1. Where residues in the stretch 70-120 are surrounded by fewer than 24 Cβ atoms within 10 Å (Cβ to Cβ) and among the aromatic types (Phe, Trp, Tyr), which of them is nearest to Met151 (Cα to Cα)?
2. Report, by residue number, each residue of the stretch 121-151 that is more than 10 Å from the chain's Cα centre (by Cα), assigned to a strand (DSSP E or B) and surrounded by 18 or more Cβ atoms within 10 Å (Cβ to Cβ).
3. Taking the stretch 22-36, which residues are surrounded by fewer than 24 Cβ atoms within 10 Å (Cβ to Cβ) and either of a type in the set (Asp, Glu) or closer than 24 Å to Gly12 by Cβ (or both)?
4. Given the criteria under 22 Å from His139 (Cα atoms) and either among the small types (Gly, Ala, Ser) or at pLDDT below 95 (or both), does Ser72 qualify?
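The values are calculated or read from the model by the stated rules, or taken from the named source; none is laboratory data. Computed from a prediction, not measured in an experiment: that's the story for all the values here. Glycine also receives a Cβ, built like all others from the backbone with ideal geometry; neighbour counts cover every protein chain displayed.
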Amino acid sequence: MATQGNTNLSKGIPQIKDAFVIIIKTEWNAHLVDKLEEGCINVLLQNNVKYRSISVPGAVEIPYAIKTYAESTQQSADAFITLGTVIRGGTPHFEYVCNMVTDGILSLNLCLKIPIIFGVLTVNSEEEVIERTGGIHGHKGEEAAITAIKMIALTRSLK
């Protein structure tokens, strides 16, 4: 579980030029995911990073959208940011969805040549999402954008 003040993530954000990020966000729980996206976009804009948002129905569809975009003739991305919420219910469906999306994103992270940032919140309640979109646990959308910028800089430095 995240704790307040457990990161120095926002310190030392590198300046990068000509970066383009694809945000893949879910339509499911849109009232919550939109807050993640808002924080993410604010950080990208503050750091002069161009972006495009693409919506998918749910978290399970995120890896497919990433793979399809990466194989397309669309503008090449420097990173993908995934945004969504999976909230525990009363059935095992939660575990299946969480496993599918995390395994899919991990697999793509290991085979694509650009970073994929995991910004899908897997939580027990809507309240926990609120705590992570500007509440006591920070803003995970902002953190995803900062992570993307840092990973783009790292990737460029290793080429």
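1. Phe118
2. Matches in the stretch 121-151: Thr122, Val123, Thr133, Gly138, His139.
3. Filtering the stretch 22-36 down to residues surrounded by fewer than 24 Cβ atoms within 10 Å (Cβ to Cβ) leaves 27-32, 34-35.
Passing the criteria: Glu27, Asp34.
4. Values: under 22 Å from His139 (Cα atoms): no; either among the small types (Gly, Ala, Ser) or at pLDDT below 95 (or both): yes.
In short, no.
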